[in-house]
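*Asks:* Following this message is one structure expressed as structure tokens.
The values are calculated or read from the model by the stated rules, or taken from the named source; none is laboratory data. Every value quoted in this text rests on a predicted model; they were computed, and no experiment measured them. Reconstructed Cβ throughout: ideal geometry from the backbone, glycine too, with neighbour counts over all protein chains shown. Just so you know, the surface numbers come from the protein's heavy atoms only, side chains and all, with ligands and any DNA or RNA stripped out. Shrake-Rupley method; radii C 1.70, N 1.55, O 1.52, S 1.80 Å.
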Amino acid sequence: MGYLVGGLWTARGGRKRIEARQLRNLRRLVEKVRRDSPLFRRLYADLRPSSEIEIGDLPVTRKPDLIREFDDWLTIRSLPLARAREHLRDIRNVGVPIDDVAVFQTSGTSGEPAVIVLSSSFVEYAYGIMMARFERYHWRLIRDVRKLGVRVTITGGNGHFAGNGFNKLVQRLNPRLARGLGLTFIEAEQPIDRLVDRLNAIANVAWIVTYPSMLAILVREKEAGRLRIEPALFSTGGETLTDDLRERVRRAFPSLKYGIADTYGCTECLVLSFECSHGRKHVNEDWVILEAVDEAMQPVPDGTLSATVLLTVLANEVQPFIRYDLGDCVRFYEDACLCGSPFRSFQVEGRQATLVRVGEVTLSPLVFDLEHDHAQRIQLVQSSERDFEVRIQLADVAAAELVFQEVIESVKRVFRDNGLEDVAVRESEALPEFTAGGKFHEVVPLRSADAGEITLSGRRQSASE
């Protein structure tokens, strides 16, 4: 209730109140980490007093450095990395707190999995601030969708990932709330036909929460007539949702009364932003600072695409993420949103971990056409800078040779069109695979492949996994 009331009060005060609240929360967090985090005490030793700090005074932080200093990073001394990893090794501990904190892990999309620690106050923030940002449209949506049927979450089930773990944490802490939300979980990693059967067996699927890559799979199954559900709403996150996929989903699922709600967040900050009734993403600026910066970590003007984005989570005092380099590319809107929200809105142009680099050329995964009538799933994996392999899960085994030939030629054409003649693309016997967190990337860049993001055939996972 504190986050709900505070969030409403801040929003009604407009930009002046938002910026004042954000600065107070930032200075409070800086004072906390200087006192209780040995790592940040060293990082901030030569900075001016906490009561005078501005966001630009603080150094940029990055995942590998923080993980290496994990035991000194947290503001609590009761959870060393060894204890956290021991907890994460047991799948039975998913959603089970350690003392009074919850522990999750990222899937390592950017190349290295991270251990994420959330306090009970962050769980309160997640629900309180979400309700504070609801418009009448959202309350009506929730009410109507709950009447229509159940909510299903499709995400990774083979690890302590936020999609699965947070649901189980809520079920453990507040079973009544979990029942009210209609939480049903389906593992994304299972074969497509089994996943479709499970969905078809659920009466009245009204709302599905998943990744855009899984949504693309559901669309293909719906178009083929194998998936029979008629949901009213999809919620997506964790990956870039393209306009083409949005349109295709609308055509395949005419039942979508409320369309697709696409959120931008990460395990480091599950409730980073909210999507308004006009479809724009707004930052929860009273508790989150999101900086669009260039290669030199300097701010870029609104309307300019950033080289990366820096995240500061003001609602997590246990594991401080302060000016944390997320690696994503965003563009803040220059104009105010028609919804009337005073919180800044932005677009996500691409998530850094999905970009393919060959020499000096950088390609979006969206330039590759990886669909075929005789294939259920196709994956392009970069095995070295100029070597790629195509993996296909066939719908028609008899057409294997033709499918591989046509897909490989399509991929080579993209490279040639971008001035890349000396790139090898070969057929692979391995099947397409999901990430550890249950995402399916049609294109797996070299960095993710080398770091163990997907366990390639014949390769071991990285030690950090």
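*Asks:* Give 16/147; 222/257; 147/168; 257/281; 63/222 a once-over and call out the pairs whose C-alpha atoms are over 28 Å from each other.
*Replies:* In this structure, 16/147; 63/222 lie more than 28 Å apart at Cα.
*Asks:* Which entry in [x] 35, 27, 23; [y] 38, 26, 24; [z] 30, 27, 25 is this structure's computed semi-axes √(5λ) of the Cα gyration tensor in Å?
*Replies:* For semi-axes √(5λ) of the Cα gyration tensor in Å, the calculated option is [x].
*Asks:* Let me ask something else. For residue 327, list long-range residues whose amide hydrogen, built 1.01 Å from N in the peptide plane, is under 5 Å from its own amide hydrogen.
*Replies:* 309
*Asks:* Can you return the aspartates and glutamates within cross-link range of residue 32? Criterion is Cα-Cα under 12 Å, with same-chain partners fewer than 8 residues away left out.
*Replies:* 317
*Asks:* Hey, what number do you get for the chain at 222 nm if only DSSP H runs of n ≥ 4 count, each worth -39500 (n - 2.57), divided across all residues, to the nearest 500?
*Replies:* -10000 deg cm²/dmol
*Asks:* Tell me, what is the percent relative contact order of the chain, built from C-alpha pairs under 8 Å that lie six or more residues apart?
*Replies:* Worked out over the chain, it gives 15 percent.
*Asks:* For residue 273, what accessible surface area do you get with a 1.4 Å probe? Give it in Å², rounded to 10.
*Replies:* Taking all protein chains as shown, residue 273 has close to 10 Å².
*Asks:* Counting only protein heavy atoms and a 1.4 Å probe, tell me what percentage of segment 77-152's accessible area is made up of carbon and sulfur.
*Replies:* Carbon with sulfur: 54 percent of the solvent-accessible area.
*Asks:* Counting other C-beta atoms within 10 Å, and keeping those with at most 16, which DSSP coil trypsin sites (Lys or Arg not before Pro) do you find in segment 194-280?
*Replies:* 226, 228, 257
*Asks:* Per residue, what accessible area does the chain have, given a 1.4 Å probe and all protein chains present, in Å²?
*Replies:* That works out to 45 Å² per residue.
*Asks:* Out of the GluC sites (Glu not before Pro) in segment 366-406, which ones are loop residues according to DSSP with at most 12 other C-beta atoms within 10 Å?
*Replies:* Answer in residue order: 385.
*Asks:* Kindly express, to the nearest 10 degrees and within the range 0 to 90, the angle between helix 400-417's C-alpha long axis and the longest C-alpha principal axis of the chain.
*Replies:* 60 degrees
*Asks:* A follow-up question, please. How much of the accessible area of segment 242-386, probe 1.4 Å, is carbon plus sulfur, in whole percent?
*Replies:* The nonpolar share, carbon plus sulfur, comes to 46 percent.
*Asks:* Rounded to whole Hz and in sequence order, give me ³J(HN,Hα) for segment 191-202 from the Karplus expression 6.51 cos²θ - 1.76 cosθ + 1.60, θ = phi - 60°, writing x for Gly and Pro.
*Replies:* x, 4, 5, 5, 4, 4, 4, 5, 5, 5, 7, 8
*Asks:* What whole-number distance in Å separates the alpha-carbon centres of segment 320-341 and segment 246-292?
*Replies:* A separation of 12 Å, based on Cα centres.
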